[in-house]
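Written out below as structure tokens is the structure these notes cover.
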Amino acid sequence: MTQTSFLRKFFLYKYLFALTFWNHVSLSLEDELFTSVSNSFPEDDSNQKIKSLPLLYTKSHQSKSSFDWIMIQNTTESLSLSEITNDNVKKLVALLSSFRQGSRLQNLTLTNVSVDWNALMKIFQTVWHSSIEYFNMNNVTQLSDIKSYDFDYSGTSMKALTMKKILITDLYFIQDDLYRIFADMNIADMTIADSEMIHMLCPSSKSRFRYLNFLKNDLTDFLFQKCDNLLQLETLILQKNKFESLHKVSFMTSRMKSLKYLDMSSNLLRHDGGDMQCPWAESLTELDLSFNQLADAVFECLPVNVKKLSLRNNQISNVPRGMVELKSLEELNLASNRLADLPGCGGFASVQFLNIEMNLILTPSADFFQSCPRVRELQAGHNPFKCSCELQAFISLERQLGGKLAGWPVAYACEYPEGLRGTELKDFHLSLLACNTTLLLVTALLLMLLLVAAVAFLCIYLDVPWYVRMTWQWTQTKRRAWHSLPGDQGAVLQFHAFVSYSERDSLWVKNELIPNLEKGEGCVQLCQHERNFIPGKSIVENIINCIEKSYKSIFVLSPNFVQSEWCHYELYFAHHKLFSENSSSLILILLEPIPPYLIPARYHKLKALMAKRTYLEWPKERSKRALFWANLRAAININLPKADENCCEE
């Protein structure tokens, strides 16, 4: 053996050994392939050892038109090939023909296939009589010449066929020639997806199909109507097609005696109700009707034995009470609809899992778990919850039955009112008083009674009724006095001062005050009740008249003064005049000190006057009395408009 031959074999051994454990071989048929090693090396012991290795593909330096391979031993289980065209389809068929039944190859995937009808059928026919069990084709373009083909389905190992993105370029052909090939396939599983398929025939005889997946096509309500040959079919997926009538879909399943799972999601399904019965397959236990246009009437057309039902993303606003009773239903998905409250379980008493997320529920009913005692998990999050008293009962229920609300607490937040938006329900709290109407009314009544009692106490303590009565008498007296005068004349000042004193202090008034003010220089006219009150008028009216006709009001304060009711009247009216006329008409003389505790509560005005206004204190020392009288005269100093020259004479 030459050195060059030895080196070539050495590197080939090394390369093949590294790939010995490959079970899956991926190859583009446009790649350049190594010519047969058996033609390059003489038959010797080393070549016999190489033949025991798996099927391998290697690149050569020959032109792309060369399509050769070496098969050392048929132990490959999966094979992926791409770029299949009419130019190399014969070589592909020759390759697949070598994998007879009993070979290790079970999985075949062809990608980017662009061939005519006859070539496509040759590929299928070859696969059908090989050891391949699972055949996948992606991105298939059938160019032309679709016509009837006598397909031999006998003696196959095939179990499942998956075809995705099939494009038919032939515009003029008999559709049955195409669909019959696939409808009569004697395999258990078939998938034709994303291929714009508009129809599929009913199998010619009793079919072996257990699984059919026609995802993302253009199938309509005419599919499998009155089809009696799908008796073994258990799973049917028709998602993303163009079905419109739920009643026709139910009729389609009525003859599928083994059907368990049906996916009709993302179609255009409607159901208008009425008296039409929906003859669903009795074996159907799982149904997906999500992403359709179904409304409340859908509950009149549901399979009675269904266990798992999805009505997600439809237009359901209410679960009617007259719905078909679904005694076996265990899982119900009503998410993304228009429900305003949690549904009762009258029509599906056995439900255990309920999804009602993303609806329009503001305040879910707190008695839900009473009507649905078997519910183990409730998904009610992402609803526009209104955080109010009505919601408190639902929140407290969750605390009692912790674990039944899926997604708690993150998925449960306030949407209304705006001030609480985003607040998780677990952090929302209202007092018992705010949410209990009876308790609130009782509390409000008690508070009102307490308020009335407090007001009554203050009125009695501050003698409010007395002040009201006095104000009324003041107003009435003023009105009468005003109307008794001619023209627009008001009250004419006749006295320098009105003197208010207790009868017990009358000696001081008569012996000290009156003589010192009315006699001597600067005669002062005083209004005294004993001599100036008009007979026939009430005392209150006389008091008001004297105060109104006097420029000043002198109050002789002493412990006796605060004990006199009439002195209180006189002080009130004088104080009323002080504020109504905005004048400084009050003169306070403190005849004797008054301890604060002796002043009644209703004399709060006297307390205020003594605290804010300056008063004259009667001096006990005689030497200081001259100054007292001088200050008093100065406080009274006023010239009356029509003073009587003999006003001070006895």
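The values are calculated or read from the model by the stated rules, or taken from the named source; none is laboratory data. Bear in mind the structure is a predicted one, so any value in this text is a computation, not a measurement. Here the Cβ positions follow ideal geometry from the backbone for every residue, glycine too, while neighbour counts run over all protein chains shown. The accessibility values were calculated without ligands, DNA or RNA, using every heavy atom of the protein model including side chains. Shrake-Rupley method; radii C 1.70, N 1.55, O 1.52, S 1.80 Å.
For His247, what accessible surface area do you get with a 1.4 Å probe? Give it in Å², rounded to 10.
My reading of the accessible area for His247 is about 50 Å².
Please name whichever of His129, Ala119, Ile174 sits farthest to the positive end of the charge dipole of segment 75-195, dipole taken about the Cα centre and charges placed at Cβ: Lys and Arg +1, Asp and Glu -1.
Projecting each Cα onto the dipole axis, the largest value belongs to His129.
Each residue of segment 83-88 in order: what ³J(HN,Hα) in whole Hz does its phi give by Karplus 6.51 cos²θ - 1.76 cosθ + 1.60, θ = phi - 60°, with x for Gly and Pro?
Going residue by residue, I get 6, 8, 10, 4, 6, 10 Hz, with x marking Gly and Pro.
Let me cross-check Cys372: its accessible surface, 1.4 Å probe, with only protein heavy atoms counted, in Å² to the nearest 10?
That residue has around 0 Å² of solvent-accessible surface.
Calculate, in nm to one decimal, what Asn637 and Ala393 gain on full extension: separation in residues at 0.36 nm each, minus their alpha carbon distance.
Extending this stretch completely gives an extra 80.0 nm.
If I compute solvent accessible area with a 1.4 Å probe over the protein chains, what percent of it on segment 75-195 is carbon and sulfur?
Carbon-and-sulfur percentage of accessible area, whole number: 47.
If you place +1 on the Cβ of every Lys and Arg and -1 on the Cβ of every Asp and Glu, how big does the dipole about the Cα centre of segment 75-195 come out, in debye to the nearest 20?
360 debye
To the nearest 10 Å², what's Met276's accessible area with a 1.4 Å probe?
Estimated to the nearest 10 Å², Met276 gives 100 Å².
Kindly identify segment 241-280 as rounded, prolate or oblate by the Cα gyration tensor criterion: order the square roots of the eigenvalues as a ≥ b ≥ c, call it rounded if a/c is under 1.5, otherwise compare a/b with b/c, prolate if a/b is larger, else oblate.
In terms of gyration-tensor shape, oblate.
Computed FRET efficiency, Cβ-Cβ of Leu445 and Glu418, R0 35 Å: what is it to the nearest 0.05?
With R0 = 35 Å, the Cβ-Cβ based efficiency is 0.60.
Given axes a ≥ b ≥ c from the Cα gyration tensor, I'd like to know whether segment 75-195 is rounded (a/c under 1.5), prolate (a/b larger than b/c) or oblate.
prolate
Evaluate the distance, in nm, between pseudo-label points positioned 7 Å from the Cα of Ala630 and of Phe151 along their respective Cα→Cβ axes.
Taking the simple label geometry, Ala630 and Phe151 are separated by 13.9 nm.
For a Förster distance of 45 Å, can you work out the FRET efficiency between the beta-carbons of Arg376 and Met276, rounded to the nearest 0.05?
0.80
Please compute the per residue accessible area over segment 75-195 with all protein chains in place, 1.4 Å probe, rounded to a whole number of Å².
41 Å²
If you take the square roots of the eigenvalues of the alpha-carbon gyration tensor of segment 337-386 and sort them as a ≥ b ≥ c, do you get rounded (a/c under 1.5), prolate (a/b over b/c) or oblate?
It comes out prolate by the Cα gyration axes.
For the ranges 177-187, 550-560, what's the packing order if you count other beta-carbon atoms within 10 Å of each residue, average per peptide, and put the highest first?
So the peptides 177-187, 550-560, ranked by packing, come out 550-560, 177-187.
Across segment 498-505, in residue order, what do the Karplus-derived ³J(HN,Hα) couplings come to in whole Hz, using 6.51 cos²θ - 1.76 cosθ + 1.60 with θ = phi - 60° and x for Gly and Pro?
Per-residue couplings from phi come out as 9, 9, 10, 7, 7, 4, 6, 9 Hz.
In what sequence, highest mean first, do 620-631, 285-296, 88-99 appear when ranked by Cβ atoms within 10 angstrom?
The peptides rank, most packed first, as 285-296, 88-99, 620-631.
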